Amino acid sequence: MALKYELKQKEVWDGNMAAAHALRQAQVDVVAAYPITPSTPIVQNYSQFLADGYVDGEFVMVESEHSAMSACVGAAAAGGRVATATSSQGYALMVEVLYQASGMRLPIVMTVVNRALASPLNIHGDHSDMYLGRDAGWIHLVANNPQEAYDLTLCAFRIGEDERVRLPVTTNQDGFLVSHTAQVVEPLQDEDAYKFVGEYKAKNPMLDTKNPVTYGAQTEEEWHFEHKANQHKALMESPKVVKEVFDEFEKLTGRKYNLVESYKIEDADVALVLMGSAYETAILAVDKAREEGIKVGLVMPRMFRPFPYNELAEKLKNVKAIAALDRSAPMGTTGALYNETAGALMANGYGDKIITNYIYGLGGRDTTVEHILEVIRETNENAKAGKRVTDLQGFINLRGPKLSFN
Amino acid sequence: MATPKEMLTTWDEVQFGAVLPAFEDPEHKKRSKFHSYNYTVADWRVEKPVFNRELCIDCDFCWVSCPDSCFLVEEVLNKRGKKQAKIVGINYNLCKGCAVCVEVCPTPIKSLLMFPEYMDNEEALKQWPKKD
Ligand code: SF4
Ligand code: SF4
């Protein structure tokens, strides 16, 4: 039996420590990981908990992230609750196996600390890795601070392991800005957290040797399409379960999560759409802009996949102009969040909105209240003019002559 | 092998996670339709393994290693009166021609070798390498 970890009502944790405690409290059977900055402390803290007797499970040392995710797939197929952590290059190396995990419907939880992708090498936060995993068939939850990293990691187990979902889940937090920033976190006690997460129910476990099963079967043109459609349906219908889990979590903790978060959007003419720690910076910018008389609000999808396109459009239906902020190098087109937002609005009959795209914070570049205020002012120009008078794609806090695309 | 029509389920009825059970009824070892015994890949084969009983020492490595359970065995008693599996041949309805069995066969001159699909097994046995 794992020892109980005495927790105070309020702890001072950074995002990594918060995620590590959530993994510990979920009583994961197997963690296989290959530590990488900035998510290293998640794995390090977790293995310390294990060494100190607070964890009953196994920690598997592997030689790469590809192996880490492969070991996770094996352990999950065997019938255990499984988790890992990664960032950036490690995430990239895992990608092949991410698709295996979701296709085999293994509810692995991966706590991702978002970081830029090389080259050039950079260890700081942006969303390149999350964007890379976009189509891998996982649920991607986004946390903006250590408390959310903790909360959403607990929720991730419940969501992924639900009978109606059975899909792997990542919880994302911004590298350093969240992962290494200590804040007050109000954790659940061990027994309450475990009660919320619940006992793991294995499905088709390979360790049931009386009933041998094949994992990783080959399906050619006469099968593959049906399997992928079936898997997609589970992902498309998962928001119902996400909502239920969020509601139950609220009852337990008083902390409310939504498929789409928003701030002062109800009466807004101007809206920003963004994810991650910059959302909190943007809250301050919104308050300032409102002092200037700009009716601005914020919208953030709590999940990047499945993308809550109808809920997002609903939030934005009354605004005039929108700026979608992407924290990932767009490399040849408009940013993914811009594309999703535009598609969501079109699909819901709100194609008349003026939408622009901003790229910000690459490789950990600072994005301040003042920068976001500037975006709000520009977007307000579009709202006032009733048409786009600013550039389609701009870059925030980029050094050099103005760069923009139309 | 092309999937028989009656096995082609629709997207809402496919095996969850493409996880395939070996048995329909594990208790009575009733093989499922997904069992490789029923759903073979013998049509992948371009070369076939041929078995040479003369050289075989019944180590059963091939039997254990074959991914498609192709080896035909007979239960015999050995010199000490103990039960033993004697390899008697290969089920070509199951064999996909991967040559794993040839790889694992430990006899100095292999008791299993790959030959062209069209060649008769007697002809293959005649062409078997000899000790020099
Ligand atoms: S070639 Fe492969 S499938 Fe055929 S008998 Fe040998 S090991 Fe089995
Ligand atoms: S591996 Fe070779 S020697 Fe061993 S049982 Fe098979 S054929 Fe015979």
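The table for this structure:
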item: Protection proxy ranking, peptides A:23-34, A:342-353, A:263-274, B:72-83, average beta carbon neighbours within 10 Å, highest first; result: A:23-34, A:263-274, A:342-353, B:72-83
item: Sulfur and carbon atoms: percent of accessible area, chain B [1.4 Å]; result: 54
item: On Cα atoms only, tilt of A:40-51 relative to the major axis of chain A in degrees; result: 30
item: Projected area averaged over orientations for the range A:157-239, convex hull of C-alpha atoms, nm²; result: 9.1
item: Residue mean of other protein chain beta carbons inside 10 Å, B:6-16; result: 5
item: Average projected area [Cα convex hull, the range B:1-70], square nanometres; result: 7.2
item: Paramagnetic reach from B:Met7 (point 7 Å along Cα→Cβ, amide N under 19 Å) across the range A:217-246; result: A:217-228
item: Estimated inter-spin distance, B:Ala22 and A:Leu284, nm [label 7 Å along Cα→Cβ]; result: 6.1
item: Proportion of all alpha-carbon pairs of the range A:1-133 beyond 25 Å (%); result: 23
item: Net lengthening on full extension, A:Leu403/A:Thr333 (0.36 nm per residue, minus Cα-Cα); result: 23.8 nm
item: Share antiparallel - DSSP beta bridges, chain A, percent rounded to 5; result: 25
item: Cα pair distances exceeding 26 angstrom across the range A:288-406, given as percent; result: 16
item: Whole-Å semi-axes of the ellipsoid equivalent to the range A:329-372 (Cα gyration tensor, √5λ, descending); result: 25, 13, 7
item: Angle in degrees between helix A:369-385 and the longest Cα principal axis of chain A, rounded to the nearest 10; result: 50
item: Degrees, to the nearest 10: A:65-78 long Cα axis against longest axis of chain A; result: 60
item: Rounded if a/c under 1.5, otherwise prolate or oblate - the range A:94-207, Cα gyration tensor axes; result: oblate
item: Förster radius 51 Å - calculated FRET efficiency between A:Val12 and A:Met61, Cβ distance, rounded to 0.05; result: 0.95
item: Radius of gyration and Dmax over the Cα atoms of the range A:215-326, both given in Å; result: 18.3, 61
item: Kirkwood-based Rg to Rh ratio, the range B:1-129, C-alpha trace; result: 1.05
item: Eligible lysines near B:Lys83 by straight Cα distance, threshold 18 Å, same-chain separation 8 or greater; result: none
item: If the convex hull is drawn through the Cα atoms of the protein assembly as shown, its volume per residue in Å³; result: 210
item: Reduced Cα scattering model of the range A:337-406, Debye log10 I(q)/I(0), q = 0.12, 0.19, 0.20 Å⁻¹; result: -0.36, -0.85, -0.93
item: Percent carbon-and-sulfur accessible area, chain A, ignoring ligands, DNA and RNA, probe 1.4 Å; result: 52
item: Cross-link partners of A:Lys315 among lysines (Cα-Cα below 19 Å; sequence separation of 8 or more within a chain); result: A:Lys240, A:Lys243, A:Lys256, A:Lys264, A:Lys295, A:Lys353
item: Translational diffusion coefficient (Stokes-Einstein; Kirkwood radius from C-alpha pairs) of the range B:38-94 at 20 °C, 1.002 mPa s, in µm²/s; result: 170
item: Counting all C-alpha pairs of the range A:36-105, share separated by more than 21 Å (%); result: 25
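The values are calculated or read from the model by the stated rules, or taken from the named source; none is laboratory data. These numbers were taken from a predicted model, which means no experiment stands behind them. In this analysis, Cβ positions are derived from the backbone assuming ideal geometry, glycine residues included, and neighbour counts consider all displayed protein chains. These area figures cover heavy atoms from the full protein model, side chains too; ligands, DNA and RNA do not enter into them. Shrake-Rupley method; radii C 1.70, N 1.55, O 1.52, S 1.80 Å.
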